[in-house]
Ligand SMILES: *[C@@H]1O[C@H](CO)[C@@H](O)[C@H](O)[C@H]1NC(C)=O
Ligand SMILES: *[C@@H]1O[C@H](CO)[C@@H](O)[C@H](O)[C@H]1NC(C)=O
Ligand SMILES: *[C@@H]1O[C@H](CO)[C@@H](O)[C@H](O)[C@H]1NC(C)=O
Ligand SMILES: *[C@@H]1O[C@H](CO)[C@@H](O)[C@H](O)[C@H]1NC(C)=O
């Protein structure tokens, strides 16, 4: 597969805050759409927020394009670590150069720093170079503080590391505390001929130190392949730290361009303003130690008291969902006592309300579930346990739950822009443009890939459809309502509600055998892609004949008659035809009637970000059944790259 050229990547770029040439790129603050974000990473207040204050999470960000040759590279970036407590934080962040963005997908939080997992740590096939800023160390007694900078090759045991600090111009060494909450700058320089890599650190706005903090010899030619991705990985442990990058400059073959500090200072101010609500004891304020410790003691006593009271109240029924629990009173207050005016909708499980949490003024959606049987409740709790531990920017986040008598209240992020279904098929004239649609498709693919491949367990969503995709305030798609399919099995009106909403997304083998698999999710996702591109429902009644027509058949027909792009939503005034064609063909491939012909979500992601070219195939491929003899030889296997399919169409 030919590597996509850097030119292609230029298409992704929105040059608002980034400039990109063959000499690399510079970000003075960040904006959406330029980076590949993964895990909990997001862009907030123009900063790249790698982790967002959630425990045991991983966040990563890569520059959108791959570099086909890096030699004597140089990079510099400004970061801020906001610790949850003034003297405790975990785990840190790392600048990474890696062979793929994939190998990092199974990475774990905590001491694995979002770069490795238990199996692959130390394996030379990782092909990963990193400079880590480590704030925590995992010991048998738990996580303890650490404060070092290290150079890592394929593993977490650094080939060279040293406590954080910098050499001042007069040659004296000064310590730096990574978790001070203050911005700092890092420089990494590599010389291709001497294989020397230098790492320097300094407080923000200080000059680059003359003497590097760390220097090592690594033959990166032997560690890395010729094509690489550059980015950051970050992880939290039990502590809810926030790791942010404020600015970043990279040059694959020379000195990185300087950052624009006047812009960065603005971003830092925004971030500070943003973080003011989060508790942060300002340093430099002289507080007598005695008063402080008395205060801490009182807080601990109160916390213990509250905790024990709560523990006693709910010990028979505590759900480990990784999220906090709310009191029924809080939620009743948030919804005006579950007033009908706050009702957002209802489903087979109960009702959904909009709420405003009194303390934080945060908008939330509250789902009120009252399952009939004990059995149903048990199943549901299992679902919450999974959902509460899932963190991904394209999933609707479960914030917590509350139990009230036999009732269960689930608290989610509120999604101000409602469901995609309404936007696509609603009465409103205004629709979303192609860039937003393509972005939503990529987002949901990434969320589903996380559910299928990246989390410690496989989560089959079972109910992917436009009405289960909600839009946040930036019009990012977030997959919601999962586990409902399972819940429906135990609910009262399971059959009617389920079938009504989902018919058209059901894979043939699911209808035949009733077994949900990753491939049935992929099928539904394929239909979803077509729905977003065409603005048509999965099953639409044909105007002339009054016959129901499957969206997939309709698109295949158009393709066979010579113009697949004819099916693109006529409401779209403008679209990128190359992307629309990719979405339509990939949608058809995903909803292939034969299960084994569908790609896995990881591969779908690679097609969508144009990492891997979609194989050339003809519409006739879509009507092959597993009984067709030739078919057997041409199935797309995953995770290996799909190339076999080209055989069918005589190659490109
Ligand atoms: C390293 O990874 C490769 C590919 O994943 C695997 O085949 C190999 O067994 C691993 N080696 C070790 C020592 O784990
Ligand atoms: C690393 O630092 C040393 C000492 O300042 C310097 O001589 C060398 O050129 C530097 N190497 C790189 C790649 O910047
Ligand atoms: C660095 O690694 C490359 C590839 O393995 C090798 O060809 C080259 O000789 C190495 N350079 C040195 C100085 O060891
Ligand atoms: C930094 O950015 C500001 C605002 O965009 C611009 O006016 C200024 O010229 C830039 N400074 C440098 C040194 O590029």
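The values are calculated or read from the model by the stated rules, or taken from the named source; none is laboratory data. Being a predicted model, the structure only gives us computed values, none of them experimental. All Cβ positions, even for glycine, are placed from backbone atoms using ideal geometry, and neighbour counts span all protein chains on display.
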Residue in the range 584-592 that is at pLDDT below 85 and not in a loop (DSSP other than H, G, I, E, B) present: no
Residue pairs meeting the criteria (Cβ under 6 Å; at least 6 apart or on separate chains; first more than 13 Å from residue 76 (Cβ to Cβ), in the range 245-268; second within 16 Å of ligand 3 (Cβ to nearest atom) and not in a helix (DSSP H, G or I)): 252/70; 252/73; 253/71
The range 91-116, residues that are assigned to a loop (DSSP other than H, G, I, E, B) and modelled with pLDDT of 75 or more: 91, 99, 100, 101, 113, 114, 115, 116
Residue match in the range 218-237 (condition: closer than 27 Å to residue 30 by Cα, assigned to a loop (DSSP other than H, G, I, E, B), away from ligand 4 (no atom under 16 Å from the Cβ) and in contact with a helix residue (DSSP H, G or I) (Cβ under 8 Å, 6 or more places away or on another chain)): yes
Subset tally (residues that are more than 22 Å from residue 114 (Cβ to Cβ), modelled with pLDDT under 85 and buried (at least 18 other Cβ atoms within 10 Å of the Cβ)) for the range 14-54: 3
Residues (touching a helix residue (DSSP H, G or I) at 6+ places or on another chain (Cβ under 6 Å) and surrounded by 15 or more Cβ atoms within 10 Å (Cβ to Cβ)) located in the range 355-370: 355, 356, 357, 366
Residue list for the range 65-91, restricted to those being more than 29 Å from residue 194 (Cα to Cα) and in contact with a helix residue (DSSP H, G or I) (Cβ under 8 Å, 6 or more places away or on another chain): 80, 81, 82, 83, 87, 88, 89, 90, 91
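Condition check ((1) at pLDDT 80 or above; (2) under 30 Å from residue 238 (Cβ atoms)) across all residues:
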site: 340; (1), (2): yes, no
site: 345; (1), (2): no, no
site: 357; (1), (2): yes, yes
site: 369; (1), (2): no, yes
site: 380; (1), (2): no, yes
site: 407; (1), (2): no, no
Filter result for residue 122 (at positive phi, under 29 Å from the mean Cα position of the chain (by Cα), away from ligand 4 (no atom under 16 Å from the Cβ) and at pLDDT below 95): yes
Test: residue in the range 73-86 that is in a loop (DSSP other than H, G, I, E, B), modelled with pLDDT of 90 or more and within 16 Å of ligand 2 (Cβ to nearest atom): yes
Matching residues, the range 179-195, being surrounded by 14 or more Cβ atoms within 10 Å (Cβ to Cβ), more than 18 Å from residue 256 (Cβ to Cβ) and within 16 Å of ligand 2 (Cβ to nearest atom): 195
Residue pairs meeting the criteria (Cβ under 7 Å; at least 6 apart or on separate chains; first without any contact (Cβ under 8 Å) to a residue 60 or more places away in the chain and assigned by TED's automatic domain parsing to the domain that holds residue 77, in the range 208-224; second in a loop (DSSP other than H, G, I, E, B) and near ligand 2 (Cβ under 10 Å from one of its atoms)): 217/195; 219/195
